[in-house]
Amino acid sequence: MNTKELIPIEQEGQRVLLTGQLAESYETTPEVISNNFSRNNKRYDEGKHYFVLEGDALREFKATHQFDDQLKFAPKLYLWTERGAMLHAKSLNTDRAWAVYDELVETYFRAKQAAADFSQLSPQLQALINLETEQRRQAAQLNVMEQKFDDVRELMALSPNGWRKDGQRLVAKMARALGGNEHIRDINNEIYALVNERAHADLARRLTNKRQRMADEGICKSKRDKLNNLDVIADDPKLIEIYTKIVRELAIKYGAS
């Protein structure tokens, strides 16, 4: 990554870098950066070496910045200051890391100081710089709006025809927003509990009955064991409608849209 091409990110008046940006600059991986931090976290002070964003602060930050698909659903973000970048260069202790750190200091972290001389430029140059800055801001806002439109379109795509596949895809996105696939079961359990409540149904009982009917019809046990709550929901258009509505609601609740 060319450090001169980094899009400035600021937090509490300081230039900061995302873990991925720092890793790419140092020619390593985000996992290495995170592991170095975990092993040496006593050396890092929040507010001095890094900032960590969660909850409302994270949602506000995401609304005004561009991210790839993976970071859009991250439940937590670390932002590294100049001093934090120095500690990571020290942990890596490679010629590349130290060379890039020096470059970051000159072209990124300290670049804000050069802005202090902005008022001494000619009015024509100031106007051009302001125009470019505004164009970048508008482009970032457009990207945010386009992403929101895509998210709404995905939610609206939940239909009686593709409800099962689309619903489970959104469940996977919810799990990523909460931190990983280990949350899929909990989310599904929450969905089924809400289906039972709103439809005054008992999915577990219906599933047992469905398996019994299949057994009476001579269908092998292996096929009966593969049945789940979605198969029960599929038998009832009312349950499908309730299920899709609940999935939409939870996708918004858990920040998957």
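The values are calculated or read from the model by the stated rules, or taken from the named source; none is laboratory data. Keep in mind that this is a model prediction, so the values were computed, not measured. Because the Cβ atoms are built from the backbone with ideal geometry, glycine has one as well, and the counts that use them run over all protein chains shown. Areas reflect the complete protein model, heavy atoms only, side chains present, ligands, DNA and RNA absent. Shrake-Rupley method; radii C 1.70, N 1.55, O 1.52, S 1.80 Å.
Condition (residue is surrounded by 15 or more Cβ atoms within 10 Å (Cβ to Cβ), modelled with pLDDT under 90 and of a type in the set (Phe, Trp, Tyr)) applied to segment 6-28: is it met by at least one residue?
No, segment 6-28 has no match at all.
List pairs: first in segment 178-203 and within 14 Å of Glu241 (Cα to Cα), second part of a helix (DSSP H, G or I) and of a type in the set (Lys, Arg), Cβ under 7 Å, 6+ apart or cross-chain?
As it stands, the answer is Ala199/Lys238, since those pairs meet every condition given.
How many of the residues making up segment 29-55 are over 22 Å from the mean Cα position of the chain (by Cα) and open to solvent by 30 Å² or more (accessible area, probe 1.4 Å)?
Total satisfying the criteria: 8.
With the condition kept exactly as written, say whether any residue in segment 166-188 is farther than 30 Å from Leu77 by Cβ and in contact with a Phe, Trp or Tyr (Cβ under 9 Å, 6 or more places away or on another chain).
Narrowing segment 166-188 to residues farther than 30 Å from Leu77 by Cβ: none.
No, segment 166-188 contains no residue that is farther than 30 Å from Leu77 by Cβ and in contact with a Phe, Trp or Tyr (Cβ under 9 Å, 6 or more places away or on another chain).
Just one of Arg136, Arg185 is basic (Lys, Arg), at pLDDT 75 or above and surrounded by 11 or more Cβ atoms within 10 Å (Cβ to Cβ); which is it? Let's see the steps before the verdict.
Working: Arg136 fails: at pLDDT 75 or above.
When all the criteria are applied, what remains is Arg185.
Of all residues in segment 72-89, how many are at pLDDT below 90 and open to solvent by 50 Å² or more (accessible area, probe 1.4 Å)?
Residues that pass the stated criteria total 2.
Of all the helices (runs of 4 or more DSSP H) wholly in segment 198-257, which have at least 2 residues that are open to solvent by 20 Å² or more (accessible area, probe 1.4 Å) and within 30 Å of Lys62 (Cα to Cα)? Walk me through it before giving the result.
Working: elements: 203-216, 221-225, 229-234, 237-253.
Hits in segment 198-257: 237-253.
List the residue pairs whose Cβ atoms are under 7 Å apart, where the first residue sits in segment 210-221 and is at positive phi, the second is among the small types (Gly, Ala, Ser) and modelled with pLDDT of 95 or more, and the two are 6 or more positions apart or on different chains.
Sorted first by the residue in segment 210-221, then by its partner, the list stays empty.
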